[in-house]
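Engineer: Structure provided below as structure tokens; questions to follow.
The values are calculated or read from the model by the stated rules, or taken from the named source; none is laboratory data. Just so we're clear, the structure is a prediction, and the values are computed from it rather than from any experiment. FYI the Cβ positions are ideal-geometry reconstructions off the backbone, even for glycines, and counts take in every protein chain you see. Note: accessible area is taken over every heavy atom of the protein model, side chains too, but ligands, DNA and RNA are not part of it. Shrake-Rupley method; radii C 1.70, N 1.55, O 1.52, S 1.80 Å.
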Protein chains: 2
Amino acid sequence: MLIIDKLIEKSKKLRAPVCVGLDPTVDLLPDHIISANGGNVPAAFLEFNINIIDAVYDIVPAVKPQIAFYEQYGAEGFEVYTKTVAYAKSRGLIVIADVKRGDIGSTATAYAEGRLAADGADFATVNPYLGKDSLKPFIDVCKRDNKGIFVLVATSNPGGADLQKLELVNGLKLYEHVGNMVSEIGGDLMGNYGYSSVCAVVGATKPEEAINLRRQLPSVFFLIPGYGAQGGTAADVAVCFDAQGAGGIVNSSRGIIGAWKKTDKPEDYAQAARAAAVAMVKDLREYIGGL
Amino acid sequence: MLIIDKLIEKSKKLRAPVCVGLDPTVDLLPDHIISANGGNVPAAFLEFNINIIDAVYDIVPAVKPQIAFYEQYGAEGFEVYTKTVAYAKSRGLIVIADVKRGDIGSTATAYAEGRLAADGADFATVNPYLGKDSLKPFIDVCKRDNKGIFVLVATSNPGGADLQKLELVNGLKLYEHVGNMVSEIGGDLMGNYGYSSVCAVVGATKPEEAINLRRQLPSVFFLIPGYGAQGGTAADVAVCFDAQGAGGIVNSSRGIIGAWKKTDKPEDYAQAARAAAVAMVKDLREYIGGL
């Protein structure tokens, strides 16, 4: 079964098209974890991640570690990143490697072999600026090892408009053109639910764009950041889904892993994360039909 | 002195606007190095890099390790990457971290802190697809720590055209628009030679585009890939330079570190690399005026 079908079936079974972003920072970690690890931040990240994963693995289908937060600590952080991927996989979670790599030829192959094949992640996020031939090495690994990619199409930051919303002479905006490109190259990896393993990142802060993209790209599955801490609501993200409740997965990072900060019990951070994930799932179920 | 001025002065002093790409692969390494390291590929990469650096540090101003080839080997590869950066710095070389990162907010900050500040590299390559606010965290670190960035503008791969050469309704092509954006955000980091530490990657395979970009962006310094193994000639790249021989640096990776493959002495790979670098410098001097 193609990885996109696994993701869709797991989301349907749990009635939870939700991804938990594992984006640890010193600020998002309770002090006691850092102290317990002798001030070793990467080691504290791993303990934190393991407990977050244990708290949510049975209610959400996927996690998305953002590699930047690990890489910041050099090789030691990188190792914690790969251990986080492996631990999430061992708990049956689908792992989306948020790496946003983009390069050409043998360089792109090295990224795909490293972040998908070697790490064992199921999906990776990739950047389209270098064009179709920069995506091909990723797609080759996807075909060989049953993986998927999420290509950046429209992002939720204000500066996303600087390039993505530029109008082209063919009448499209750049992000719409990129969306078409993603749709076009995904044909060989089409799953049983009408979606390809070649997917798109579509930010949640501009619902009218999401509505149009959903119509324009019926076979492209969306990873939707921006829910919660970044301002997107369940109503905003619901437009990315089809009538069967498929078509996308909504990510929340700080809103879940940092939920303990709104309590007076930092030691119960994992329970707070689970409660926040449960609340998010409940919220989405009210707006997304067919789940 | 701003890092861009250091790079320009070092290039002028050596009469060699040349960067050696440290892009090791198993195929580019003589077998005996891998054997001598007991088959440990990352360890072999480090030995290879140290010897290449020792062979070229006095004739070129800069090296550019491509992190993908190291990352492919996980944390151990990542450590060899950071050790390569540190060793190159210890030999007085300017280091361009070819990481092509691009993300937003705290994620972009984590990349900038990691790959520029923590590693000690002087420049990093970055991807513009997420817009100006994705570049700002890098520029903040550049200002604080006297670093620079090379923003992808026009790349030399065929697929570069898929996005970069799209025509916008304002009459520009996308890469020209991105070039203007790079020029605009570089104003605070302007050096004594009229170039900013906020620079651009401009591929060498389409000289007419390079000629136009050079005119359009007089204060933007270019990193020029594509020389040698990728098909760019000295005449092609010369158009990126000003009358004083400044304005850009030309990268060669395989053409230098893989030069030993055209000899029958793999054990003399470092000397072959030096000879290839000398030949490249000589070639460029014939076409670039003012050096």
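Engineer: May I ask which of B:Lys100/B:Lys136; B:Lys13/B:Lys261; B:Lys89/B:Lys136; A:Lys173/B:Lys165 have a Cα-Cα span longer than 20 Å here?
Structural biologist: Exceeds cut-off: B:Lys13/B:Lys261; B:Lys89/B:Lys136.
Engineer: Which angle from 0 to 90°, rounded to the nearest 10, does the C-alpha axis of helix B:3-14 make with the longest principal axis of chain B?
Structural biologist: 60
Engineer: Going Cα to Cα from A:Lys262, which lysines come in below 21 Å? Please leave out same-chain ones fewer than 8 positions away.
Structural biologist: Correct list for A:Lys262: A:Lys282.
Engineer: Moving on. Based on a Kirkwood Rh over C-alpha pairs, give the Stokes-Einstein translational diffusion coefficient of segment B:171-221 at 4 °C and viscosity 1.567 mPa s in µm²/s.
Structural biologist: 116
Engineer: Let me ask you something else. With charges only on Cβ, +1 for K and R and -1 for D and E, what is the dipole size of segment A:95-228 about its Cα centre, in debye, rounded to 20?
Structural biologist: Result for segment A:95-228 is approximately 120 debye, rounded to the nearest 20.
Engineer: Quick one: what are the phi-derived ³J(HN,Hα) couplings along segment B:263-280, Karplus 6.51/-1.76/1.60 with θ = phi - 60°, whole Hz, x for glycine and proline?
Structural biologist: For segment B:263-280, the Karplus curve yields 10, 10, 10, x, 5, 9, 4, 5, 5, 4, 5, 4, 4, 5, 5, 4, 5, 5 Hz.
Engineer: Quick one: helix A:132-145 against the long Cα principal axis of chain A, what's the angle to the nearest 10°, folded into 0 to 90?
Structural biologist: Helix A:132-145 and the main axis of chain A meet at about 60 degrees.
Engineer: With unit charges on the beta carbons (Lys and Arg positive, Asp and Glu negative) and the dipole taken about the Cα centre of the protein assembly as shown, which residue among B:Met181, B:Pro128, B:Phe138 sits farthest to the positive side?
Structural biologist: B:Met181
Engineer: Could you look at the protein assembly as shown and say what percent of its accessible area is carbon and sulfur, using a 1.4 Å probe and all protein chains?
Structural biologist: That share works out to 51 percent.
Engineer: Still on this structure, I have one more. May I ask you to derive the relative contact order of segment A:1-128, considering only C-alpha pairs under 8 Å and at least 6 residues apart, and to give it as an integer percent?
Structural biologist: Computed value for segment A:1-128: 23 percent relative contact order.
Engineer: What is the magnitude of the charge dipole of chain B about its Cα centre, with +1 placed on the Cβ of each Lys and Arg, -1 on the Cβ of each Asp and Glu, and no other charges, expressed in debye to the nearest 20?
Structural biologist: 600
Engineer: Rounded if a/c is under 1.5, else prolate if a/b beats b/c, else oblate: with a ≥ b ≥ c from the C-alpha gyration tensor eigenvalues square-rooted, which is segment B:1-122?
Structural biologist: Oblate shape, in that a/c is at least 1.5 and b/c is the bigger or equal ratio.
Engineer: Hey, another quick one. If eta is 0.692 mPa s and T is 37 °C, what Stokes-Einstein diffusion coefficient results for segment B:92-206, Kirkwood Rh from Cα pairs, in µm²/s?
Structural biologist: 227
Engineer: Taking +1 at the Cβ of each Lys and Arg and -1 at the Cβ of each Asp and Glu, which of A:Ile104, A:Asn192, A:Ser219 sits farthest along the dipole of the protein assembly as shown towards its positive end, judged by Cα position relative to the Cα centre?
Structural biologist: A:Ser219
Engineer: Taking Cα centroids, how far is segment A:51-93 from segment A:162-225 in Å?
Structural biologist: Between the Cα centres of segment A:51-93 and segment A:162-225 lies a distance of 27 Å.
Engineer: Oh, and also: Just to confirm a number: summing +1 for Lys and Arg and -1 for Asp and Glu over residues other than B:Val239 whose beta-carbon lies under 11 angstrom from that of B:Val239, what do you get?
Structural biologist: Every neighbour counted, the sum reads -1.
Engineer: Over chain A, what is the relative contact order in percent, taking alpha-carbon pairs closer than 8 angstrom and at least six residues apart?
Structural biologist: It comes to 20 percent, rounded to a whole number.
Engineer: On a 0 to 90 degree scale, rounded to 10, what angle separates helix B:74-90 from the longest Cα axis of chain B?
Structural biologist: 80
Engineer: Continuing with this model, one more query. Accessible area per residue of chain A at 1.4 Å probe, in Å²?
Structural biologist: Result: 34 Å² of accessible area for each residue.
Engineer: Can you give the charge dipole size of segment B:1-151 about its Cα centre, rounded to the nearest 20 debye, using +1 on the beta carbon of Lys and Arg and -1 on the beta carbon of Asp and Glu?
Structural biologist: 720
Engineer: With unit charges on the beta carbon (Lys/Arg positive, Asp/Glu negative), name the residue among B:Ala275, B:Gly290, A:Val169 whose Cα is farthest towards the positive pole of the charge dipole of the protein assembly as shown.
Structural biologist: It is A:Val169, whose Cα lies furthest towards the positive end.
Engineer: Another one. Equivalent ellipsoid semi-axes for the protein assembly as shown, as square roots of 5 times the alpha carbon gyration tensor eigenvalues: give them largest first, rounded to whole Å.
Structural biologist: 40, 27, 22
Engineer: Take the alpha carbon gyration tensor of segment B:214-291, find the square roots of its eigenvalues, order them as a ≥ b ≥ c, and report rounded if a/c is under 1.5; if not, report prolate when a/b exceeds b/c, else oblate.
Structural biologist: Prolate shape, in that a/c is at least 1.5 and a/b is the bigger ratio.
Engineer: Can you list the HN-Hα couplings for segment A:39-48, worked out from phi with the Karplus curve (6.51, -1.76, 1.60; θ = phi - 60°), rounded to whole Hz and with x for Gly and Pro?
Structural biologist: Taking θ as phi minus 60°, the curve returns x, 6, 5, x, 4, 5, 4, 5, 4, 4 Hz for segment A:39-48.
Engineer: Which far-off residues, 5 or more places away or on another chain, put their amide H under 5 Å from the one on B:Leu168, with H placed in the peptide plane?
Structural biologist: HN-HN under 5 Å from B:Leu168: A:Val169, B:Lys173, B:Leu174.
Engineer: Compute the signed sum of charges (Lys and Arg +1, Asp and Glu -1) over the other residues within less than 12 Å, Cβ to Cβ, of B:Asn170.
Structural biologist: In short, -2.
Engineer: Starting from the eigenvalues of the Cα gyration tensor, five times each then square-rooted, give me the equivalent ellipsoid semi-axes of chain B, largest first, whole Å.
Structural biologist: Value: 29, 22, 18 Å, ordered largest first.
Engineer: Return the aspartates and glutamates within reach of A:Lys132: Cα separation strictly under 16 angstrom, same-chain partners fewer than 8 residues apart disregarded; answer none if there are no such residues.
Structural biologist: Excluding near neighbours in sequence, the set is A:Asp103, A:Asp140, A:Glu176, A:Glu184, A:Asp188, B:Asp162.
Engineer: Which residues' amide hydrogens lie under 5 Å from the amide hydrogen of A:Ile94, considering only partners 5 or more residues apart or on another chain, with H built in the peptide plane?
Structural biologist: When sequence neighbours closer than 5 places are left aside, the close amide H contacts are A:Ala62, A:Val63.
Engineer: Can you bin segment B:139-254 into rounded, prolate or oblate? Criterion: square roots of the alpha carbon gyration tensor eigenvalues sorted a ≥ b ≥ c, rounded for a/c under 1.5, prolate for a/b above b/c, oblate for the rest.
Structural biologist: Oblate.
Engineer: If I take every Cα pair under 8 Å that is 6 or more residues apart in segment B:105-248, average their sequence separation and divide by the length, what percent do I get for the relative contact order?
Structural biologist: Relative CO of segment B:105-248 lands at 18 percent.
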